[in-house]
Structure formats: C-alpha cells, structure tokens
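Novice: The structure's right below; bear with me while I get my questions together.
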Amino acid sequence: MKIVIGKGSCGIAAGANIIQSAFVENLSLKGLDIPIDTTGCIGACYLEPIVDVFDDKGQKVTFVNVTTDNVKDIVEQHILEKQALKELQMTEADMTMIGKQTRIVLKNSGIIDPERIDDYLAVDGYVAAKKCLTELTPEEIIETVKIAGLRGRGGAGFPTWFKWNAAFRSPGTVKYMVCNADEGDPGAFMDRSVLESDPHALIEGMLIAAKAIGANEGVVYVRAEYPLAIIRLQLAIDQAREHGYLGENIFDTGFDFDLRIKAGAGAFVCGEETALIASLEGERGMPRLKPPFPAQKGYWNKPTNINNVETFANVPWIFRNGGEAYAAIGTRDSKGTKVFALTGKIAHGGLVEIPMGLKLRDVIFEIGGGIKNNKEFKAVQMGGPSGGCVPASLLDTEIDYAGITKTGAIMGSGGMVVMDETTCMVDMARFFLDFTCKESCGKCTYCRVGTKRMLEILTRITKGEGASGDIDLLEELCNKIKEGAMCGLGQTAPNPILTTIKYFRNEYEDHINNKKCTAKSCKALLTYTISEENCVGCGVCKKKCPAKAIEGKKKKVHEINQALCIKCGKCFANCKFDAVCVD
C-alpha cells in the first residue's frame, strides 16, 4: 500500500504540503507505516489537492479537494475500515476531463515521481535516446521528425525538422541546443507543468536533438518565477548525469552532451529567440533582425537550435513509437497533440492535451466542463496577448494551425482564456495590450510608441471618454504596427484589438456612442439606482456604502446620490431584495 500526493505548483498552492503533514500525523497515530510518495500535476488543477491511495494489489482510489479533516476520514474509514468514501472521490464527470484526452507530452504527469529517475526509467525513459545515439545517424533522426510532422509548440508552429536540419547543415564544430522555457503568456502554464512533473522527458528530447545537429552543450532558459520547476529540473539533470545520460561518452558512443539551467528575469520579450540569446549572453533581452537566423549564427555567434519545452517533450515518444504513429494523430497539416491551459470562466480549469483537429466546442464544453455558474459562453482568447478572441459563433472551429489562424487568433503556446457574458471585450483587449505595452523592449518605435497610443485610446473608451473615429484610428494603428514592428511581440500585439473589433464591434460602439458597457463591467460606465418597488428600507446598502452615497430613512425607499457614488458595487452585492439595479 502507498499514498501519492500531487505536488505540482497548483497542488502545493492548494495545500498539498499541509495535507502530507496531516497524513504523516494521522498514520503515526494509528501505528501505520505506509509510504507517502510525490507526483506532479495530472492536469485537473481545479481538484487539487489530489491524493491517490493504492492498495496492496495496486488498485488506485483518487480523492480530490482533500482537506485536513478529510485526511482523518481517509486513514480511519478508507485505509483501516475499507470504506469507499465515494463523496470524496473523483467523480465520473471529473474523470471525463482526463479520459477524453490523448496524452503524449503529459502521459507521465501525475503518474511518476518527477524527483526519481528510476520512475522515468520504468516507463521506458531514455530508451528513445539510446536508440538515436546507438542506431541512427543525424540525418535519420531528422528524417523521422520530418515524417512525424512535428511543428514547434512555442507559438509559430515552424516545422521542427527544418530548424534541426538547418543547424545540422551549418558548418562548425561548436553548436548549441537551447530550450526556451520562458513561458510568459498570462494564464499559460504548460511548460512549467512538464518541468515540474516530467523533467526527464525534456532532457531526453534535448539529448536526441543535440545528437541530430551535433551540439555538445545545451541550455534550458527558465524564468526565475518557476522555482519548483528549476529545482526539479536541476535534480533531474544531476540524476541524468550520474546515470550517464548526460556528460561524456553517452551510451559508449563517443558523443558528449551536457546541460545547464539559465534563470531568466521574466521579460516576456525573451520568448523571442534572438532576445533570448541576447539574455543568455548577458546582454539586455532585445531582439535583432533576421537573417542571420540562430541556426546559422546564434548563441555566441555559433549555430544554435531553439525549441520550447513541449516540442522537446514530444520527441522521445516519436522515437519510441515511430514517426508514422505520431503523424497518424491530428490533421493533414497539424500533426500530433497540443497541450492547452484552460483558465478563466471555465468549470474545469487546468491542463488538457488533445489531438489536433478537435473542435473548440469539444475542449471547452466536453473536456473543460463548460462555463462556471452556468453563464453564457462569450469568447475564448487563444495565443495569449499575441493572440485573439474567438467568439461563440466560431466554436466549431477545428483546433489546428490553419483553422485558428483563420479566426484572427493564433495557436500560440497553448493558452485558452475563457470568457462569459460578464466579460467586457473592450476591457479585455485593453488588459492584454497593457501587458504587451509594459513588456515591449522599446527597441523599435512601432512597438514602443504604437502600443502606448493604442492603450491610451482603449483606456479612454473604457472610461467613457471615447470619441467618434476611435475605432478607425485603432484599426489604422493596428495595421501599421503589424507591418512595421521588428519582432513577434509588436507584430502580434494588435491581434486582441483587431479580433474584438471584428467580432464585438457593437461593444466598442456602445462604449463610445452610448457611454454604456454592454457587459456591465467597466466601472466608469455603470450607474447604480434603487428600485422603489423592491426597496424595503432595510438600510443594509447604506451601511455598506463606503462613500456615504446612499440616502434614506429606515423602512423608507433609499436613493443613491450619483455625485457621491464611487461605483464600488457594494450596495448591489449586499442587497437581498434585488432593489439595487445596475445599468
């Protein structure tokens, strides 16, 4: 018998360490010597803390949203008295979230202990690397990746084999393999989860890629805001080195390859490969013009290949199962699976891995469980601040690179921020633009100044100060910035604005012409009033108002002094009689 506790960042934030301490205490009180193991995030973040209890026959029972009070019940009633405790177990609906997925990158997440290399070896870890180093030539490795149809999962979707081949063909004896783990999109945590839950998959993928291009040194560029990911990745690197999977003469082939971690400061622009290289070299993270591309002239002016965590994590599976098997998953132009982070107004928030070609509707409503509190679905932001909003009318769009691009959004690294009827699309565009404006490195004028001007216009509109012609001006600025910006950050920054104008133009017009927020979200455009019909004069709203804007005697109809109202909404939130109206 053993107990396994999910201890990814989401699990720890939900109290997994406290739950583990509670198990240690309760098991000790009952005189039970049952090992407690650690695993990573299985993807169902909304169910954390998650605890698996395995009996002596290896049968597993999963308990979710476990509290310290539940721990006592699990020990006494389930472990000792063999009661099922169905009310604490994962439901069939929750199992659907995982059961309807196709897992390649996440296949070990929430299953193995990320801090023990033996767990990875037990699921055929480093078998693919041994095959590539001992049986295949660099050309054969690259050809297999070409057959698989693997495209970069960092956002652009560039064919992986092409980048590897370009670096392989570049002359020189010194080459570098770099992993971009600088995951900066708001609401995205796919790469972090892989690093925390299955770090050896990344190491094995990088080892295979290094053999393909002839690199002897690798660097994983991780944002410093991922402390647990860095700790577990460093431990995995140390273990791989001890077992001979990193270092000199790997598998007695004469091939040398080693890895190190570089903790980045968290600049979003360092997700762009040339800015990342500048940061690695100790310079300020700013992009440069291409060509030359990193495959010709990258880190320290040597041929360099850069892929993200998810891309590398696909590679071992491809070589264990064959390029053809991978290509059989997905669509004609988008092969394999894609990991998405479901966040926002979604019932089942967390990580999902689905085959390319599945519809947005299936992901949001079947796997994601639909919208929280039975609200109406409005849109989903795909591709983070560089992406765009996909409206309800396009829910049947297939998830592949071409399909998503047609909507005006992008696949990006895999963020899906779900919005409901209470989300103001103008304010959502302003939120993402505020992010890109702050994250602009400032090197080119179009991005540095252009995003600032667009943000000023959007801010005015959400404050009720929009003017006639603002929509046209925004569209003109967007198109100019897309054409003139130097790197992907500036070129894609206008996407949230362009897609919200395209699909929700009426909301912009309401803000500008009628000084009203369609979603009743923008504070400056709200008006609170009290209904004479419903008000019973209880005085609760008056007591809760911090601005003393509510006037009226006890048991008499109250009124709101609009000159004093700060639109905090406390009167609306605390009225039990639906007497406070918001418009």
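Novice: Look at E456 and say whether it is in a loop (DSSP other than H, G, I, E, B) and free of Cβ contacts under 8 Å to residues at least 40 places away in the same chain.
Specialist: no
Novice: Need the failing condition index for T134 against (1) closer than 30 Å to V380 by Cβ; (2) in contact with a Phe, Trp or Tyr (Cβ under 8 Å, 6 or more places away or on another chain), just the number.
Specialist: Of (1) closer than 30 Å to V380 by Cβ; (2) in contact with a Phe, Trp or Tyr (Cβ under 8 Å, 6 or more places away or on another chain), only one is false for T134: (1).
Novice: Considering the range 559-583 alone, what residues qualify as being closer than 19 Å to E532 by Cα, in contact with a helix residue (DSSP H, G or I) (Cβ under 6 Å, 6 or more places away or on another chain) and either open to solvent by less than 70 Å² (accessible area, probe 1.4 Å) or part of a loop (DSSP other than H, G, I, E, B) (or both)?
Specialist: Across the range 559-583, the qualifying residues are C571, N574, C575, V580, V582.
Novice: Which residues, counting only those in the range 277-302, are surrounded by 21 or more Cβ atoms within 10 Å (Cβ to Cβ) and at pLDDT below 95?
Specialist: Within the range 277-302, G285, P287 meet the criteria.
Novice: Restricting to the range 28-54, give me the number of residues that are surrounded by fewer than 18 Cβ atoms within 10 Å (Cβ to Cβ), free of Cβ contacts under 8 Å to residues at least 60 places away in the same chain and outside any loop (DSSP other than H, G, I, E, B).
Specialist: Number satisfying all stated conditions: 4.
Novice: Only one of these conditions is not met by N305: (1) open to solvent by 10 Å² or more (accessible area, probe 1.4 Å); (2) in contact with a strand residue (DSSP E or B) (Cβ under 9 Å, 6 or more places away or on another chain); (3) closer than 28 Å to C447 by Cβ. Which number is it?
Specialist: Status for N305: all satisfied but (1).
Novice: Still on this structure: Filtering the range 485-521 down to residues that are in contact with a Phe, Trp or Tyr (Cβ under 9 Å, 6 or more places away or on another chain) and among the small types (G, A, S), which residue is farthest from Y446 (Cα to Cα)?
Specialist: A493
Novice: Answer with yes or no whether G466 is closer than 21 Å to V269 by Cβ and among the small types (G, A, S).
Specialist: On the way: closer than 21 Å to V269 by Cβ: no; among the small types (G, A, S): yes.
No; evaluated as a whole, the condition is false for this residue.
Novice: Looking at K57, is it more than 27 Å from G15 (Cα to Cα) and open to solvent by 60 Å² or more (accessible area, probe 1.4 Å)?
Specialist: Spelling it out, K57 is indeed more than 27 Å from G15 (Cα to Cα) and open to solvent by 60 Å² or more (accessible area, probe 1.4 Å).
Novice: Kindly evaluate T529 against the criterion of being more than 14 Å from C575 (Cβ to Cβ), in contact with a Cys (Cβ under 8 Å, 6 or more places away or on another chain) and not in a helix (DSSP H, G or I).
Specialist: No; evaluated as a whole, the condition is false for this residue.
Novice: Okay, next question. Which of the residues spanning the range 393-403 are under 14 Å from I364 (Cβ atoms) and crowded, with 21+ Cβ neighbours inside 10 Å?
Specialist: The one that is under 14 Å from I364 (Cβ atoms) and crowded, with 21+ Cβ neighbours inside 10 Å: I399.
Listed here are the residues, each with its yes/no results for (1) in a loop (DSSP other than H, G, I, E, B); (2) at pLDDT below 95; (3) open to solvent by 40 Å² or more (accessible area, probe 1.4 Å).
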{"site": "D472", "(1), (2), (3)": "no, no, yes"}
{"site": "G490", "(1), (2), (3)": "no, yes, no"}
{"site": "I497", "(1), (2), (3)": "no, no, no"}
{"site": "N506", "(1), (2), (3)": "no, no, yes"}
{"site": "E509", "(1), (2), (3)": "no, no, yes"}
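Novice: Output the residue which, of all residues in the range 92-109 that are open to solvent by less than 10 Å² (accessible area, probe 1.4 Å), under 18 Å from Y46 (Cβ atoms) and not hydroxyl-bearing (S, T, Y), is nearest to the chain's Cα centre (by Cα).
Specialist: L106
Novice: Still on this structure, I have one more. Filter the range 127-174 for residues that are under 30 Å from the mean Cα position of the chain (by Cα) and among the basic types (K, R); which is surrounded by the most Cβ atoms within 10 Å (Cβ to Cβ)?
Specialist: If we take residues in the range 127-174 being under 30 Å from the mean Cα position of the chain (by Cα) and among the basic types (K, R), then R153 is surrounded by the most Cβ atoms within 10 Å (Cβ to Cβ).
The values are calculated or read from the model by the stated rules, or taken from the named source; none is laboratory data. Being a predicted model, the structure only gives us computed values, none of them experimental. All Cβ positions, glycine included, derive from the backbone under ideal geometry; neighbour counts span all protein chains shown. These area figures cover heavy atoms from the full protein model, side chains too; ligands, DNA and RNA do not enter into them. Shrake-Rupley method; radii C 1.70, N 1.55, O 1.52, S 1.80 Å.
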